[in-house]
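Written out below as structure tokens is the structure these notes cover.
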Amino acid sequence: MTDRASLPKIDRAKGVRIGVWTFMVVVHAALFAMLGLVNPAPVQIPAMPPLFVTLEPPPPVPLPPPPAEPAPVAGGGAPAAPSRVHLPVKPPELPPEIIAPPKPAPTQPLIVGAAPVATPIPGMGQGGEGEGTGDGIGDGDGPGRGGTPPLILKGASTAEILSIVPPEARRARQAGRASINCVIRVDERLDDCRVVSETPVGFRFGEAGLRAAGFFRYRPPMTASGRPIEGQRVTISVQFGRQ
């Protein structure tokens, strides 16, 4: 007979482990068998109310805003001229027609002789006739008296005309002309000057022509005996060139 103490220690340890595992398997099997015999109470699930789903149309999509107008750009061309309404020219009114009377007015008789009351309008009369003689010596001042006409002695030089050009004409580089009528004095100067015409208008060529008259010198007209005649008027023309 074999003694247990003589068995190897390795086999005895192995047998102990097998026994422990076997015991644990039996215990677990008994526990599962006991759990299967127990009937757990069923879990009551509360009833859920029915759900109602309402389908609504989607909200309208807003339209995009209109594009912003570009801001006006400063500057540009000149503003447009205001419009004008041209109305037809009204024809001149004709004077009312004068209807001749059915009976002509009586003709006044022609009276020859002096009127008792003087009238401002000379009438048609007949002058008397007379005879008379006379003689005399002297220079006449009327038409046909003879002598010499006025004569220009000095005109305005180019430098003098340039010194009196109007500023408006100088800025616009505008040429022009002025006609001036003056009285010739005995000292050969011009006096009592007035503007006859200026071309073009609006550049003060007339005023400049009046100043230019101070540069002119005229010899007055002379009688046949050489006596100067004062008061004779003369018209001068002043030409203003383009600056």
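The values are calculated or read from the model by the stated rules, or taken from the named source; none is laboratory data. Note that this is a predicted model, so its numbers are computed, not measured. No Cβ is skipped: glycine too gets one built from the backbone with ideal geometry, and neighbour counts run over all protein chains shown.
For the range 228-240, state whether one or more residues are in contact with a Gly (Cβ under 6 Å, 6 or more places away or on another chain), touching a residue at least 60 places away in the same chain (Cβ under 8 Å) and more than 22 Å from Glu160 (Cβ to Cβ). No, that holds for no residue. Of all residues in the range 205-242, those satisfying the criterion of being touching a Ser or Thr at 6+ places or on another chain (Cβ under 8 Å) and of a type in the set (S, T, N, Q) are Thr235, Ser237.
Checking each residue in the range 210-234 for being more than 16 Å from Arg189 (Cβ to Cβ) and either within 35 Å of the chain's Cα centre (by Cα) or not basic (Lys, Arg) (or both) picks out Met222, Thr223, Ala224, Ser225, Gly226.
Please indicate, with yes or no, whether at least one residue in the range 182-204 is aromatic (Phe, Trp, Tyr), assigned to a helix (DSSP H, G or I), in contact (Cβ under 8 Å) with a residue 12 or more places away in the chain and under 23 Å from Thr158 (Cα atoms). If you could, list the steps in order and put the result at the bottom.
Residues of the range 182-204 aromatic (Phe, Trp, Tyr): 203.
If we keep only those that are assigned to a helix (DSSP H, G or I) as well, we get none.
Within the range 182-204, none of the residues are aromatic (Phe, Trp, Tyr), assigned to a helix (DSSP H, G or I), in contact (Cβ under 8 Å) with a residue 12 or more places away in the chain and under 23 Å from Thr158 (Cα atoms).
The set of residues from the range 208-243 being surrounded by fewer than 16 Cβ atoms within 10 Å (Cβ to Cβ) and basic (Lys, Arg) comprises Arg217, Arg219, Arg227, Arg233, Arg242.
In the condition set (1) out of contact with any Ser or Thr (no Cβ under 7 Å at 6 or more places or on another chain); (2) modelled with pLDDT of 90 or more, Val196 is compliant with all but (1).
Scanning the range 213-227 for residues that are part of a helix (DSSP H, G or I) and in contact with a Gly (Cβ under 9 Å, 6 or more places away or on another chain) gives a single hit, Phe215. For the range 159-181, a residue qualifies if it is in contact with a helix residue (DSSP H, G or I) (Cβ under 9 Å, 6 or more places away or on another chain), surrounded by fewer than 19 Cβ atoms within 10 Å (Cβ to Cβ), touching a residue at least 60 places away in the same chain (Cβ under 8 Å) and not in a loop (DSSP other than H, G, I, E, B), and exactly one does: Arg177.
The set of residues in the range 203-230 that are among the small types (Gly, Ala, Ser) and modelled with pLDDT of 90 or more comprises Gly206, Ala208, Gly209, Ala212, Ala213, Gly214.
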